[in-house]
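Below: the structure, in structure tokens.
The values are calculated or read from the model by the stated rules, or taken from the named source; none is laboratory data. Bear in mind the structure is a predicted one, so any value in this text is a computation, not a measurement. Note: ideal-geometry Cβ built from the backbone for every residue, glycine included; neighbour counts use all protein chains shown. All accessible areas refer to the heavy atoms of the entire protein, side chains included, with ligands and DNA or RNA removed. Shrake-Rupley method; radii C 1.70, N 1.55, O 1.52, S 1.80 Å.
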Amino acid sequence: MKKLNFNDNNSFDLNKVIKEIENSPYLTRIKVDMNNLNECLLLIEEKNNCLNCKGLKECKNHQKGYCYDYNEEFYLKRCKYKALYDEKNKNNSLIKTLYMPQMIREANLAEYQIINAERSKILKAVNDFILNFKEDNFQKGLYIHGSYQSGKTYILGALANELAKRNIESLIIYFPDLIRELKNALSTPRFEEIINMLKEIPVLIIDDIGSETMTTWVRDEILGPILNYRYSDKKPVFFSSNLNIENLRDHLILSGDAVENTKALRIITRIMGLATPVTSGEKYRS
């Protein structure tokens, strides 16, 4: 709002303006005078803008999402739409995602449909984890296995969102794309940045493990060290997979010798120490 400028030669009737606005319902706590007339007019303008506003995109005020107000002094008050926007952004900042679709990032537990006993068990375990999580008190995650489109990824996305509401950081990653990213990032600072994030994040969520092309590098240089670190540091991991634990073990064995069997078994042991296996049951999208 452009400030009113008056001088002795101005014919504008200030007293008339003051008289017209001093009965405004927005100014009941303010004594309107020459010194605060601009502020009072701005307050009335912005309060009127807010009356029929339906969201931040429609905001006509000078600072989007804020309204001029008064409480012993004039100040900018955040509106309800800006508060909701800020809360959503705060939650999003607590959920770090790599290669996950937007739909999964917006998943919520209320829309996770209980269509079988397996889903009921998963939902209970997820809720128990959320309610009881403390960084200094380790509790296992879940290894959720089942058929394609049986809701495994969705429940993990909903978990991340619920944790964010409680100010708990998590990282949810699509494992095959993570491996491709790490290969591209070799010998760059980005490689160490990703590895450190995977190790240190309070709750790590690995989606679709077992669908990647397994190599000795992936198993022994990436997956093994990350799981070892988190196991030693008591940091929980959640997994989803189309493979049950036995089939994942076979996936990790790259040849038939005893050394390969031992390396695969070591990974499985770490997974079992970090997560409890559960099945998601039949095919269903959410």
Q: Return only the number of the condition from (1) more than 22 Å from residue 273 (Cβ to Cβ); (2) surrounded by 17 or more Cβ atoms within 10 Å (Cβ to Cβ) that residue 145 does not satisfy.
A: (1)
Q) If you scan segment 211-231, which residues turn out to be assigned to a helix (DSSP H, G or I) and open to solvent by 40 Å² or more (accessible area, probe 1.4 Å)? A) 216, 217, 220, 221, 225, 228, 229, 231
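Residues checked against (1) assigned to a helix (DSSP H, G or I); (2) in contact (Cβ under 8 Å) with a residue 40 or more places away in the chain; (3) of a type outside the set (S, T, N, Q):
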residue: 243; (1), (2), (3): no, yes, yes
residue: 250; (1), (2), (3): yes, no, yes
residue: 264; (1), (2), (3): yes, yes, yes
residue: 267; (1), (2), (3): yes, yes, yes
residue: 281; (1), (2), (3): no, yes, yes
Q) Quick one: in segment 11-30, which of the residues that are without any contact (Cβ under 8 Å) to a residue 12 or more places away in the chain and assigned to a helix (DSSP H, G or I) is most open to solvent (accessible area, probe 1.4 Å)? A) 19
Q.
Checking residue 235 against (1) open to solvent by 10 Å² or more (accessible area, probe 1.4 Å); (2) assigned to a helix (DSSP H, G or I): exactly one of these is not met. Which one?
A. (2)
**Q.** Residues being open to solvent by 40 Å² or more (accessible area, probe 1.4 Å), within 26 Å of residue 270 (Cα to Cα) and in contact (Cβ under 8 Å) with a residue 24 or more places away in the chain - total across segment 117-138
**A.** 4
Q: Check 88, 3, 96 and return the single one that is open to solvent by less than 100 Å² (accessible area, probe 1.4 Å), of a type in the set (D, E, K, R) and modelled with pLDDT under 80.
A: 96
Q.
For residue 114, only one of the following conditions fails: (1) at pLDDT below 90; (2) open to solvent by less than 20 Å² (accessible area, probe 1.4 Å); (3) of a type in the set (A, V, I, L, M). What is its number?
A. (2)
